[in-house]
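A short worksheet on the structure shown next.
Every read-out reported here was derived from the displayed coordinates using simple, explicitly stated rules and does not represent laboratory data. It should be emphasised that the depicted structure is a prediction, and the values quoted were computed from it without experimental measurement. Methodologically, a virtual Cβ is constructed for each residue, glycine included, from the backbone with ideal geometry; neighbour enumeration extends over all protein chains shown.
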Amino acid sequence: MARNQRPFNAERIETYEKLRFYARKFGQGCYNCLIFIGPPGRLKSSILEKETNGDAHLISGHATPFKVFCEAQEHANKLLILDDADGLYKDTTGQRLLKNLTNPKLPKTVFWMSDKPESMGLLTRFETTSNVCIIDNAWNNQNEHIRALEDRSRIFLFDPPPHEVHQEMYDQDWFNDEEIYQFIGDNLCFFKELSVRSYVKAEEAKRAGEDWREFLLQQAMDGKDLQLILIEYDERWKDQSVEQKYKEWIRRTGGSRATYFIRKKKLLNNRMRGHPLVGRWTLGK
């Protein structure tokens, strides 16, 4: 996430335990407005929905300001979760609406500047006590209206490390491919970040007959180190000599024999402690 897409003065959260804590407390009505910003594929929305026990109304799918106005009126006084809310703070209508909905003074007065709601059988102005939770993947804090929104909200940057995402997936009963789960766990040392969608896409690739292991490793590694690992995972090369392996690596990458051993040693020393491949790797020349 680029620096200008990070919320100003956000509190950083890296564990699902902490995310669940704030989600539960929001569900209990403790917070006027919570904002969760973080990369996609980290289960933010599903956890917020689950931890509020169905007591919150979810407005999702990059809803327009008018759609949010209508749904907020139809579900007045109920907890609101605005998912993928980036469309709301891109124009003045959405910014004004968010300022209305997040006003800490109760009841909040929310209004529309035209008579368009009347065509839907709704009021152009209504009052509500709804608390609001905003979820998004990025943030534009260069706007004075957004800074005002930050000021009246509790705002978090949720960016769990790979091992935290992996542990969370263990507890998700909708994902049951143990082979993929184990493979990702074995190779966590290569991932700088990890998305839940990687598990889903790997499962799709596996069903399609693709090399799903290669697909996953491509998310984590650059070309030359990637080829080192792929050769080791390839059953055709598993029992071949070191000489045969480095010649194959040279063929794939255009690198040199010396570079092969330098990269291999660096991986072993810096990233692969405890990795299942280590037991059959040798640095012998």
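The value obtained for the range 162-280, namely the Cα convex hull volume divided by the number of residues, is 107 Å³ per residue.
Packing, as the average of other Cβ atoms within 10 Å across residues, places the peptides 96-109, 27-40 in the order 27-40, 96-109, highest first. R0 = 41 Å: FRET efficiency of residue 105 with residue 193, Cβ-based, nearest 0.05? E between residue 105 and residue 193, to the nearest 0.05, is 0.55.
The modelled label-to-label distance for the pair residue 277/residue 46, using points 7 Å beyond Cα in the direction of Cβ, is 2.9 nm. Cross-link partners for residue 105 among the aspartates and glutamates, with Cα-Cα distance under 17 Å and sequence neighbours closer than 8 places in the same chain left out: 127, 150, 151. Taking Cα Rg over 2.2 N^0.38 Å as the quantity of interest, determine which of [x] 1.17; [y] 0.94; [z] 1.30 was computed from the displayed structure. It is the value labelled [z].
Based on the mean of other beta carbon atoms within 10 Å per residue, what is the order of 184-192, 82-90, most packed first?
Descending mean neighbour count gives 82-90, 184-192.
Each peptide among 229-238, 153-162 gets the average number of other Cβ atoms lying within 10 Å of its residues, and from highest to lowest they stand as 153-162, 229-238.
Please tell me the relative contact order of the range 3-158 in percent, rounded to the nearest whole number, where contacts are Cα pairs under 8 Å and at least six residues apart.
39 percent
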